[in-house]
Structure formats: structure tokens, C-alpha cells
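Just below is one structure, and these are the notes that go with it.
The values are calculated or read from the model by the stated rules, or taken from the named source; none is laboratory data. All figures in this text were calculated on a predicted structure; none of them were measured in a lab. Don't worry about glycine lacking a Cβ; one is built from the backbone with ideal geometry, like all the others, and counts go over all protein chains shown. Surface accessibility is based on the protein's heavy atoms, side chains included, excluding ligands, DNA and RNA. Shrake-Rupley method; radii C 1.70, N 1.55, O 1.52, S 1.80 Å.
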Amino acid sequence: MAQNKVDINLLREIADLEGTPKGAYNIRKNGQLVSRGINANIDIVTKDDKPGIDIIIKDGTKNQSVHIPVIITETGLDELVYNDFHIGADCDVVIVAGCGIHNAGDKKSEHSGIHTFYIGENSKVQYVEKHYGEGEGTGEKVMNPRTEVYLEKNASITLDTTQLRGVDSTERYTKIVVKEGAEAIVMEKLLTHDKQKAVSEMDVILAGEGASSRVISRSVAQDDSEQIFYPRMIGDGAGFGHVQCDSILMGKAKIQSIPAIIANHPDAQLVHEAAIGRIAGEQLLKLMTLGLTAEEAEEEILNGFLR
Amino acid sequence: MLELKGLTYQVDNEGGGTTNILNGIDLTVADNKFIVITGPNGGGKTSLAKTIMGLYQPTGGQILWNGTDITNMTITERAKLGISYGFQQPPRFKGMRVRDLLELASGTKLTRDECCSYLNRVGLCAADYVDREMDTSLSGGEVKRIEIATILARPSGLLIFDEPEAGIDLWSFAKLTETFRLIHGRRENTIIVISHQERIIDLADEIVMVSDGKVVRHGPKEELMIHILAETGNGCDFLRGATCHDQDKEG
Ligand SMILES: Nc1ncnc2c1ncn2[C@@H]1O[C@H](COP(=O)(O)OP(=O)(O)OP(=O)(O)O)[C@@H](O)[C@H]1O
Ligand SMILES: [Mg+2]
């Protein structure tokens with residue numbers, strides 16, 4: 001893989017990658033495939049009808065990983081990519097996605113990834129996604145991810161998404177259908193600053209008996225940034241759903257949290273908790289009595305909150 | 001040595017006037033002494049401790065620590081001079097772990113064993129707590145004991161504890177008094193404990209009684225106990241009464 005410093009940094013930020021990843025991988029840069037690795041259990045095929053790839057994971061694949069990072073270093077690039085994951089039954093895999101944009105120019109760079117997961121019975125998937133932006137240019141860095149997950153009986157997924165700094169505008173949509181006995185855990189971490197905007201909309205559908213889901217969203221909005229959350233937990237079956245949204249406001253930022261819990265089944269059990277507020281003065285004071293400056297105290301509180 | 005000279009603290013009240021919280025506190029605490037500050041609820045004990053730590057800025061008077069005038073120093077500067085204060089009602093932190101707080105307090109990375117040893121000193125079964133979040137999942141007594149542990153982790157010459165016994169079970173309390181006894185036995189730091197507990201008062205070299213924002217009595221423990229017992233009527237009604245009241249308050 002020919003890589004320069006910018007590429008190496010982006011890959012490290014979004015995928016903790018140093019060099020070639022273990023397991024299967026597909027690295028995309030500026031709209032082009034850079035490198036790909038497959039094995040006996042995991043196949044990756046380029047789509048022929050639209051941009052994107054199919055990732056096919058055989059039944060019973062355990063303790064394997066797939067890395068599919070995307071990096072953009074060209075100003076003015078705008079791409080829409082479809083990635084479909086076909087995961088068999090009885091698997092246990094880790095999927096690391098992520099997008100890093102380095103925009104040194106004055107034109108908008110945009111990546112929209114549409115990820116669809118079909119997860120077979122009894123399979124366990126951990127999905128980790130980081131979005132990151134940097135670059136000295138004035139061009140906007142935009143990411144609009146759309147994630148759909150279909151969990152078969154007793155399957156489970158942990159969606160761990162992080163966007164800390166650097167992305168000017170993001171509109172995220174997530175839809176998860178949880179069949180009987182299946183479980184979906186969503187952990188969303190977001191930090192916006194300056195004039196950034198972020199919208200996250202989510203539908204979790206508890207479709208069968210014993211389906212369960214927990215959504216944990218933690219966000220920090222600084223400066224003049226704006227965030228809007230629409231998490232919706234829909235109990236179509238006798239499942240259990242819990243939504244927890246916590247946000248810290250700083251500067252003149254604005255946050256809206258518009259959650260919904262919707263029970264369409266008499267035995268659905270749905271809980272929602274949400275809180276928005278500034279860092280509590282007592283917390284800052286406490287850390288200052290341990291010898292931290294006000295700025296250091298604030299940083300520690302944010303680091304802990306977004307861990 | 002800690003010297004408080006004519007310390008006053010006033011706050012603006014709703015009527016547009018001012019309320020005196022501290023009314024000219026004069027107090028000298030010699031090095032490596034164990035002092036208990038006691039007195040009626042609302043007497044000004046916490047306000048006094050917060051003023052020493054810099055959480056409250058006094059309206060008048062002076063605070064000297066080892067000869068240095070710290071009256072106008074920031075909280076951070078005082079902390080760096082080795083002054084520590086364990087809050088009466090410690091805040092919780094979402095996401096921060098017990099370990100993180102202990103490390104911030106000690107100023108270094110800590111091994112698991114080191115974290116455990118601080119937690120053990122306040123009667124916490126450490127292994128279960130090191131990686132727990134400092135959020136609302138911890139009980140009041142647990143938060144309070146972790147707060148004390150962070151103060152123990154700090155290298156400090158002046159340790160101030162604000163009602164460390166509040167909300168703590170009997171077993172942990174026994175462990176805590178033992179810890180205070182051990183620290184004081186080394187005579188390496190000055191300890192000020194705000195307390196209503198006889199067993200903590202029993203450890204003290206001196207007792208300071210604060211009421212209405214003033215030091216109303218200050219002297220060796222033996223001498224002061226006689227006064228306190230006399231003033232609080234039959235036996236130790238005051239001590240018992242105050243303790244019950246506080247436990248109600250802390251839940
Ligand atoms: N920031 C403040 N603003 C207004 N009043 C205050 C403030 N801080 C303390 N007070 C008042 O000053 C008085 C002393 O309070 P303080 O908390 O110091 O008492 P205390 O002796 O610690 O009581 P306790 O035994 O109940 O802990 C109380 O009447 C309290 O209401
Ligand atoms: Mg008090």
C-alpha cells in the first residue's frame with residue numbers, strides 16, 4: 001500500500017490501523033480501491049450495478065475481523081457508496097469501518113456510506129465506526145451515513161459509532177430490526193464544535209418476543225454548533241428497549257433531543273431517559289481541588305463522558 | 001501551620017442585604033495536629049473549610065499556610081500547595097471511573113494494587129470498584145468513601161474531611177477511624193475533620209467548636225469535651241442528636 005503521512009494519520013484516527021490489517025480488508029481512497037484482502041471465510045466483491053462492495057461472511061466464522069476504512073484527501077470529492085454485509089449464522093466477527101477526510105482545499109468533500117447488515121441466526125457482530133475530519137482548507141467536510149441492520153433470531157450487534165471533531169455537517173440515519181431473542185446495542189458518541197451541525201435519527205424496531213435493545217447516546221456540543229437527535233424505539237413485539245441520551249452543552253451551542261418510545265404490543269417494555277445541561281460547577285470545582293486548572297478539569301470531564 | 005485571621009464571609013441575601021456566614025474566625029492549627037471541628041448544623045463548618053480550600057472567597061481576613069498568604073490564591077494553586085478537601089456532598093461524574101479520580105488525585109498513573117490499597121483504607125472491597133463509573137449507579141455511602149480515598153491518594157500537608165462519617169456503615173466507619181489513627185500516627189500531615197462523631201472526636205488532639213460563624217471554643221479534647229457535654233444537656237444528646245439528623249439528611 002503506497003501511503004503518505006496524511007493517509008497514515010487518517011487510517012490511524014479512524015481504524016487504529018498501522019500497516020496492513022489482520023483479517024479481511026478493503027481500503028478505499030478518493031473513490032478508488034487501494035487494497036483488499038480476503039480469506040476462506042470472508043469474501044469481498046465489488047458491486048457491478050453501483051459503487052460499493054458486498055462483504056460475504058460464511059456460517060460459523062468466528063474471531064475474525066473485517067476492516068473497510070475510507071479516506072478522502074481530494075478537495076471537492078463527493079461520493080455515495082453502498083456496502084452490504086451478508087453475515088451467515090453462528091458467526092462472531094468484528095467489523096471496523098470509518099471515514100477520514102483531509103480537506104486541504106476550498107471545496108466541499110463529502111462521503112455518504114450506506115451500510116446494510118443482514119445478520120444470521122445466533123451470530124454476534126461488533127461494528128465500530130469512526131468519523132473524522134481535518135485539513136487546513138476552508139472546504140467543508142461532510143458525512144451522511146445510513147446504517148440498516150436486520151438481526152435474525154438470537155443474533156446480536158453492538159454498533160459503536162464515534163464522531164469527535166472535524167466533521168462540518170453530518171446527517172445520520174440508523175434503522176435496526178430486532179427479531180425474537182436478538183439484541184442490538186447502540187453506543188453513539190459525538191462532539192461538535194465551531195459552526196458544525198449534526199443530526200442523528202434512529203429507528204429501532206423490536207420485532208419479536210424477547211428482542212432487546214439499548215441505545216446510549218452521549219454528546220458534547222461546543223461553540224456555535226448544533227445537534228438534533230431523534231431516537232425512536234418501537235415495540236412491535238414483546239421486547240425490551242431502553243434509550244438513554246445525555247448531552248453536555250458548552251459555549252452557545254444548541255441541542256434538541258426528540259425521543260420517542262412507541263409500544264405497538266401490550267407486552268413491550270420501553271424506557272427513555274434524556275438529559276441536556278452544562279458541566280456541573282461542582283464537578284469542575286472538585287477536580288480543581290485535586291490540583292487541575294479549570295481547563296484541565298473540563299477536559300477530563302469531557303474525556304470521561306465520551307470514553 | 002495553618003493560620004486564620006479575622007476570616008469573614010458574607011453572601012448577598014434576597015432582601016438586598018448581606019448575610020454573615022463567617023463572623024471573624026481566628027484559628028491557628030499547629031503542624032501535624034489532628035483537629036476536629038464540631039458544632040451545630042448551619043454553624044459555618046463547611047463554609048470555613050471551603051474558604052480554606054478557596055471554594056469560597058472570604059470577604060475579609062487572611063489565611064496563611066506555612067507562612068504563605070494564600071487568601072487570594074486560586075483553588076488550583078492551593079491544591080498544589082498541598083491543601084486537600086473532601087466534600088461533604090461529593091459530586092458524581094458520568095463516564096469517569098473510580099480509577100481516573102484516584103489517578104487525578106495522586107497526580108500519577110496508579111497500578112491496580114495501588115488503587116485497591118487506597119480503597120481498602122475506607123473499607124471498600126477494591127477489586128469491585130476500581131473500574132466502576134462515578135455515576136448514579138454508586139450509592140451515597142460508596143461515593144462518600146471514594147471521595148475520602150481520593151483525598152488519601154493526594155500528597156498533601158493539610159487534609160480536610162467534611163463529615164466523613166455521614167452515610168457510612170459501621171464496618172467502613174471502623175476502618176475509616178483506623179485509617180485516621182494510622183495517618184495521624186505518622187505525624188506527617190495536619191488533619192482537620194469536621195465531625196459530630198464521638199469516635200472521631202476521640203482521635204483528636206484539639207477540638208474547635210464553631211457556631212454562628214465564630215469559633216466559640218477551642219482547646220485540647222479533654223477540656224472541650226466537658227464543655228460540650230455540659231452545654232448539650234443530659235449526657236451527649238447533642239452528639240447523638242446531630243448524628244441522627246445528618247444521617248437522615250444524607251439518606
Ligand atoms: N453559598 C451560600 N449562600 C447562602 N448561604 C449559605 C451559603 N453557604 C452556606 N450558607 C449558609 O451558611 C450557614 C452555614 O452553612 P455551612 O454549610 O457552613 O454549615 P455547617 O456548619 O457545615 O452545617 P452542617 O453541620 O449542617 O453541615 C448556613 O445557614 C447556610 O445555609
Ligand atoms: Mg457542613
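Being in a helix (DSSP H, G or I) and under 15 Å from the mean Cα position of the chain (by Cα) is a description that does not apply to B:ALA166. Among what's in segment B:1-17 and is among the polar types (S, T, N, Q) and assigned to a strand (DSSP E or B), pick the residue that is nearest to ligand 1 (Cβ to nearest atom). Among them, the one singled out is B:GLN10. The set of residues from segment B:176-215 being buried (at least 17 other Cβ atoms within 10 Å of the Cβ), within 16 Å of ligand 1 (Cβ to nearest atom) and in a helix (DSSP H, G or I) comprises B:ILE200, B:ILE201. Being of a type outside the set (D, E, K, R), open to solvent by 70 Å² or more (accessible area, probe 1.4 Å) and either at the interface with chain B (Cβ under 9 Å from one of its Cβ atoms) or closer than 12 Å to B:ASP100 by Cβ (or both) is the filter here, so list the residues in segment A:276-307 that pass it. Hit for segment A:276-307 is A:ASN303, nothing else.
Open to solvent by less than 60 Å² (accessible area, probe 1.4 Å), more than 12 Å from chain B (Cβ to nearest Cβ), within 22 Å of the chain's Cα centre (by Cα) and modelled with pLDDT under 95, is that true of A:PRO259? In short, yes. If you go through segment A:95-117 and keep only what is within 17 Å of the chain's Cα centre (by Cα) and not small (Gly, Ala, Ser), you end up with A:ILE95, A:VAL96, A:CYS99, A:ILE101, A:GLU110, A:HIS111, A:ILE114, A:HIS115, A:THR116, A:PHE117. With respect to the conditions (1) within 13 Å of chain B (Cβ to nearest Cβ); (2) within 20 Å of B:ASP135 (Cβ to Cβ); (3) crowded, with 18+ Cβ neighbours inside 10 Å, A:VAL243 falls short on a single one, namely (1).
Among residues of segment B:93-105 that are within 22 Å of B:ILE83 (Cβ to Cβ), those with a Cβ under 8 angstrom from a residue that is basic (Lys, Arg), sequence gap 6+ or separate chain, pair up as B:GLU103/B:LYS109; B:ALA105/B:ARG154. Assessment of segment B:81-100 against the conditions (within 8 Å of another protein chain (Cβ to nearest Cβ) and farther than 17 Å from B:GLU147 by Cβ) yields at least one matching residue. Taken over segment B:144-164, the criterion of being within 16 Å of ligand 2 (Cβ to nearest atom), over 15 Å from B:ALA49 (Cα atoms) and within 12 Å of chain A (Cβ to nearest Cβ) is satisfied by B:GLU147 alone.
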